[in-house]
Amino acid sequence: MTTMLYQSPGPKTRPDGTYGWKIFDDGDVEAALKAGWHKTPLEAIKAASKPVNEKPKPKRNRKRARTDDGQFQADDPATPAVNEAWEE
């Protein structure tokens, strides 16, 4: 048997949003649901309109290194494990 699942956005329209659909074999339905497909068009549209909660990137308090006369310090390619252009 097969199952039709929905994902938003897509080429089909309805008053509350857009969606697309695809037919999956029953053995693939669980994996598709985990991958972002939904059982109804309304579920797909609602899921697409929710804001994505991303973790904020930690701020790095790095400062550009400078030479004694105030110029920016360049990174030395001979030391790939150390970046001399930045102060830690």
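Take peptides 42-48, 80-86 and line them up by average Cβ neighbours within 10 Å, highest first, as a rough protection proxy.
Descending packing order for the listed peptides: 42-48, 80-86.
Show me, for region 16-31, the HN-Hα J-couplings you get by feeding each phi into the Karplus relation (A = 6.51, B = -1.76, C = 1.60, θ = phi - 60°), rounded to Hz, glycine and proline as x.
9, x, 10, 7, x, 9, 8, 9, 10, 5, 4, x, 9, 5, 4, 5
Which entries of Lys12/Lys34; Lys12/Lys39; Lys12/Lys55; Lys22/Lys50 show an alpha-carbon separation above 25 angstrom in the structure shown?
Lys12/Lys55
Would you kindly state how much longer the chain becomes between Arg66 and Glu43 on full extension, computed as 0.36 nm times their sequence separation minus their alpha carbon distance, in nm to one decimal?
Answer, rounded to one decimal: 2.8 nm.
Charges on Cβ only, +1 for Lys and Arg, -1 for Asp and Glu, centred on the Cα centroid of the chain; of Thr67, Ala35, Ala81, which one is farthest towards the dipole's positive end?
Ala35
Each value in this text was obtained by applying a stated rule to the coordinates, not by laboratory testing. Model, not experiment: these values are computed from the prediction. Methodologically, a virtual Cβ is constructed for each residue, glycine included, from the backbone with ideal geometry; neighbour enumeration extends over all protein chains shown.
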